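Single-structure report; data block below.
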Amino acid sequence: MTELEHFQRLKQLVLLKYQEHYPFFQGSWKTFGAQDIQNLIGLIEEKNKQTISEKWIYTHLKPETNQKVPRKDMLNILTEFVGFSGWDEFVFEAISETVVVPKGQKKEFKIWLLVLLLPIIIAIWYFGFYSSATPKTNTIELNNEFTNEKINADEVKVVQIEDSVEKSLEVKDGKVQINTSGDKDTKLVIKSPFYQPKTVSISSANNGQATPKQVVLTPDDYAMMLKAFMVSDIKDWQTRKEQLNKILADNLEVIVMLKGNLGAEYFDKNEFSQKLIVPTANVRKMRIIELKNDETNKIQFIRIKQE
């Protein structure tokens, strides 16, 4: 057996020793990350009272194959880390085909048994732990609570929050697709000027199986009435005026964002009501993008986009 082969087996033992301290790591040197490297450096400093550099680990331990054996002083550090007196003892025990577990233990095990078991352990981890963490795609339908109709895409915004990272999701045909990692808790925050806000929590404990197929949103009655006023034909302007007075707060503020980045227009309650009493073609092109109510649930603020 060549020295390079001895070194490859030593690398496997170092990995196993590392997993004794960090059992949640079940990967290989290829997946050994930056944090794992810092953890290993700390363990070696604690046990051996010697230092091994991050660059050295990247150069000699991370590669799947090595072209040459590192310096013997570095080999001594690693073999001492796994429980031997040094590189010479490690090679001697390997040649005798049986490695005696150090620290006075009497149990013996075949070094090749470790080599054979490692791929099995990795396979079990992969199909058990890693496969459970593989992202899964789920489709959720957004429906009106009272009509059970699908929500229009331009009337709702959905944000997925996972590991404090926010991601806006596209709503298409009243549906939204969400990717769950399986090992992380996920939240969906749903907002709309026409529906009450809603937060849906998806627990990692069920591996994403708790993802609902449907989420129902409760309409805001006043917002729905306002939307209808803006697109409907005039029938009874006096009745409409009275209805607007009931749903709009006296201190109403309306901001209309003009096309082409030309700025914005401001309207108070009376000015905005006059526009809605007899809606024009321009009013029908307005789209509500933000709406706020006061403590009596009357509409107090409206932001509109001119299309």
Pro212 vs. criteria modelled with pLDDT of 90 or more and in a loop (DSSP other than H, G, I, E, B): no
For Trp56: the one exception among (1) among the aromatic types (Phe, Trp, Tyr); (2) at pLDDT 90 or above; (3) exposed (fewer than 11 other Cβ atoms within 10 Å of the Cβ): (3)
Criterion (outside the structural domain of Glu149 (by TED's automatic domain parsing) and at pLDDT below 85) met by exactly one of Asp268, Asp250, Asp233: Asp233
I'd like the full set of residues that are without any contact (Cβ under 8 Å) to a residue 40 or more places away in the chain and either under 20 Å from Lys191 (Cβ atoms) or in contact with a Ser or Thr (Cβ under 9 Å, 6 or more places away or on another chain) (or both), limited to segment 212-239. Asp221, Met224, Met225
Regarding Ile140, is this residue under 30 Å from Gly27 (Cα atoms), at pLDDT 80 or above and not in a loop (DSSP other than H, G, I, E, B)? no
So, in segment 182-200, of the ones that are modelled with pLDDT of 85 or more and of a type in the set (Val, Ile, Thr), which residue ends up surrounded by the most Cβ atoms within 10 Å (Cβ to Cβ)? Ile190
I'd like the residue in segment 155-181 that is under 10 Å from the mean Cα position of the chain (by Cα) and at positive phi and, out of all such residues, is surrounded by the fewest Cβ atoms within 10 Å (Cβ to Cβ). Ser164
Take segment 271-284 and flag every residue that is assigned to a helix (DSSP H, G or I) and either of a type in the set (Ser, Thr, Tyr) or not assigned by TED's automatic domain parsing to the domain that holds Glu295 (or both). Ser273
Testing Asp250 on (1) exposed (fewer than 15 other Cβ atoms within 10 Å of the Cβ); (2) closer than 28 Å to Asn144 by Cα; (3) charged (D, E, K, R); (4) in contact with a helix residue (DSSP H, G or I) (Cβ under 8 Å, 6 or more places away or on another chain), one condition comes back false. Which one is that? (2)
Considering each of Gln35, Gln8 in turn, give the residue that is over 28 Å from Ile95 (Cβ atoms), assigned by TED's automatic domain parsing to the domain that holds Pro119, out of contact with any Leu (no Cβ under 9 Å at 6 or more places or on another chain) and of a type outside the set (Ser, Thr, Tyr). Gln35
Mind checking which residues of segment 1-47 are in a loop (DSSP other than H, G, I, E, B), without any contact (Cβ under 8 Å) to a residue 40 or more places away in the chain and under 20 Å from Thr59 (Cβ atoms)? Thr2, Phe32, Gly33
Find the residue count for segment 150-179, including only residues that are assigned to a strand (DSSP E or B), in contact with a helix residue (DSSP H, G or I) (Cβ under 8 Å, 6 or more places away or on another chain) and over 24 Å from Lys292 (Cα atoms). 1
Which of the residues that make up segment 223-247 are surrounded by 12 or more Cβ atoms within 10 Å (Cβ to Cβ), farther than 15 Å from Asn282 by Cα and of a type in the set (S, T, N, Q)? Gln243, Asn245
Considering segment 23-49 alone, what residues qualify as being at pLDDT 90 or above and of a type in the set (Phe, Trp, Tyr)? Trp29, Phe32
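The values are calculated or read from the model by the stated rules, or taken from the named source; none is laboratory data. What you are looking at is a predicted structure, and each value in this text was computed from that prediction instead of being measured. With ideal geometry, Cβ positions are generated from the backbone for all residues, glycine too; neighbour counts draw on all protein chains shown.
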